[in-house]
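Please read the structure below before turning to the comments.
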Amino acid sequence: MLVLHRLLLAAPVAELVDATDLKSVGRKAVPVRFRPGAPQLVMSPLVVKNLTVYRGERAILSRVSFELDAGRVMIVTGPNGAGKTTLLRTLCGLVEPEDGQLCWRAVPCSFRDPQYHLELAYLGHDAPLKMDLTGRENLRGLVGLRRVIGPSDVAMALREMQADSFADRAVRTLSAGQRRRIAFAALGLMGATLWVLDEPITNLDGAGEALVQTALSRHLSGGGMLLAATHQPLGLDPLRCDSLALGAARS
Amino acid sequence: MTVSKAASSWQAARIVLQREWLLAVRRPAQVLQPLAFFAVVTAMFPLGYTPELAKLRAIAPGVLWVGALLASLLALEHLFREDASDGTLEQYVLSGQSLTWLLLAKTIAHWLLTGLPLTLMAPWLGVVLGVPLTAATGVMGALALGTWTLSLLGSIGAGLTLGVRRGGVLLSLLTLPLAVPVLVFGARATELAITGDSPTGALYLLGSLAVLGLTLAPLAAAAAVRIGLE
């Protein structure tokens, strides 16, 4: 009887000790988050779990999970056909996944949530420009869907990408690299937190690459996030970069 | 980066309309071709059938309506195709705005650039078929409502045929059967207008079809476009 009584008493006492222990840790919990090796107590803004995408019978992605913190880069690597573009497009809600969860700012949400889309900007292989409009008109059309911008904002963004000399020519007459510069000017104006880029620096010359690197670094130091599929090094601070390697296509 | 306000849905719709207008100005051929097609097809009938105005007047409603339907179908093929290939539709999906709403804006722009000019042309082409100009109001009212409904129906078809290479014929096969009620009431309204009777009843029915299309078609078009983009 006494033994049983002790046992019953012992349990709450042990719990109490544990709780105080936890409390003492809890008080330090805020700095703990930044201590290397410490368990993360605050969720990353972007958490993707078990993303699985099928095309017909073929699994393009199976159970891909990753997290991305503010100010950090995730480089998606893998051989051709590994599903890099599919991963990016699924994340943007352009491809319907078979399975997978998304947590944006610690709130579970759908890949097609308009609030999530407002904070996300996507640039695919080709710049999403209208051939018959000028760069400036394209910029207004692309960004104007999301936010109200004036001509001075457009001019500044174009100047930053050193695209103002050809911004008033029809996009049809521009080279692939010049189109990309205009697309990046649009990206900067959209005011999104999470940039999802597919091969961001293809077709760019040395100067263009440097401009894009500057834009990306500024985006990151402002707390932005970047998810990029690329074969070429982006030239970003390696301390900010993580990489996600996708395997070869499975059948 | 500059801090700016998020665009409201009205502002986004205005951007879409402005853009479509600019594109039409830059590529007038795409706007003019369906109109020229309508004019040529209508003008063929007096040559191929009979120059007698009384006989032509009897077939005028059918000729005008089939001509207008086929002409606006010609234009419908381009409704989403280029936007899909250059990535504009993807940006629409990702804009944080309702895709349904943006596609509705795009469909309205399409109607303003094809349906409305076709409507304005019809009374003058009707003269070739012996339609009196006194019937102009009825003819135009019926065609305005009819082409509007067809643009909406076509937006569903254009969305569904996005993934199909050379989907023009398929688009016609999908859209024209759905347009039969529009054709029936529209031709009836035109006939009543030509004979000098009041076309109000038929116009009300056309109007109800137009409202039904406005309510349901953009939703279906958005769903179709999402599938087409995958």
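The values are calculated or read from the model by the stated rules, or taken from the named source; none is laboratory data. In this text the structure is predicted, and so the values were computed from the model without any measurement. Positions of Cβ are backbone-derived with ideal geometry, glycine not excepted, and every protein chain shown enters the neighbour counts. Just so you know, the surface numbers come from the protein's heavy atoms only, side chains and all, with ligands and any DNA or RNA stripped out. Shrake-Rupley method; radii C 1.70, N 1.55, O 1.52, S 1.80 Å.
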*Using a 1.4 Å probe on protein heavy atoms only, how many Å² of accessible area do B and A hide from each other, summed over both chains and rounded to 100?*
3100 Å²
*For region A:197-205, what does the Karplus curve 6.51 cos²θ - 1.76 cosθ + 1.60, with θ = phi - 60°, yield as ³J(HN,Hα) per residue in whole Hz, taken in order and with x for Gly and Pro?*
10, 9, 6, x, 10, 5, 6, 8, 7
_With a cap of 13 neighbouring Cβ atoms within 10 Å, and only residues DSSP puts in a loop, list the GluC sites (Glu not before Pro) found in region B:34-92._
B:Glu52
*Let me know the mean shielding of A:147-157 by other chains, meaning the per-residue number of their Cβ atoms within 10 Å of its Cβ.*
3
_Max mean-square fluctuation residue, GNM over chain B, Cα-Cα springs under 10 Å, options B:Ala36, B:Ala193, B:Ala109_ = B:Ala36
*By how many degrees, between 0 and 90 and to the nearest 10, does the Cα long axis of helix B:9-26 differ from the longest principal axis of chain B?*
60 degrees
*Give me the angle, in degrees from 0 to 90, between the Cα long axis of helix B:116-128 and the longest principal axis of the Cα atoms of chain B, rounded to the nearest 10.*
10 degrees
*How far, in degrees from 0 to 90, does helix B:136-160 lean away from the longest principal axis of the Cα atoms of chain B, to the nearest 10?*
40 degrees
*Calculated from DSSP H runs of 4 or more alone, at -39500 (n - 2.57) each and per residue, what is the 222 nm mean residue ellipticity of the protein assembly as shown, nearest 500?*
-18500 deg cm²/dmol
*Between B:Ala136, B:Ala158, B:Ala54, find the one with the highest GNM mean-square fluctuation for chain B; connect C-alpha pairs within less than 10 Å.*
B:Ala54
*For the protein assembly as shown, alpha-carbon Rg relative to the globular expectation (2.2 N^0.38 Å, N residues)*: 1.27
_Need one value for A:124-135: mean number of C-beta atoms belonging to other chains within 10 Å of its residues' C-beta atoms._
4
_For region B:16-149, the spread of Cα positions along each principal axis, largest first, Å_ = 57, 24, 20
*asked:* Take chain B, mark every one of the trypsin sites (Lys or Arg not before Pro) that falls in a DSSP loop and has at most 14 other Cβ within 10 Å, then report the longest stretch left between them, sites excluded.
replied: B:6-164
*asked:* Suppose each label sits 7 Å from its Cα in the direction of the beta carbon; what would the A:Ser165-B:Tyr204 distance come out to in nanometres?
replied: 6.8 nm
*asked:* Show me, for region A:56-65, the HN-Hα J-couplings you get by feeding each phi into the Karplus relation (A = 6.51, B = -1.76, C = 1.60, θ = phi - 60°), rounded to Hz, glycine and proline as x.
replied: x, 8, 9, 7, 7, 10, 10, 6, 8, 10
*Considering chain B as a Gaussian network with a 10 Å cut-off on Cα pairs, which listed residue, B:Gly168, B:Gly186, B:Gly146, attains the greatest mean-square fluctuation?*
B:Gly168
*More than 28 Å apart: what percent of Cα pairs in region B:79-230 qualify?*
26 percent
*Which whole-Hz ³J(HN,Hα) couplings does region A:209-221 yield from phi under the Karplus relation 6.51 cos²θ - 1.76 cosθ + 1.60, θ = phi - 60°, glycine and proline marked x?*
4, 4, 5, 5, 4, 4, 4, 5, 4, 5, 4, 5, 5
*Residues with amide H under 5 Å of A:Leu244's amide H, sequence separation 5 or more or different chain, H placed in the peptide plane at 1.01 Å from N; which?*
A:Ile75, A:Val76, A:Thr77
_As a test of understanding, state the convex hull volume per residue of region A:49-160 from its alpha carbons, in Å³._
150 Å³
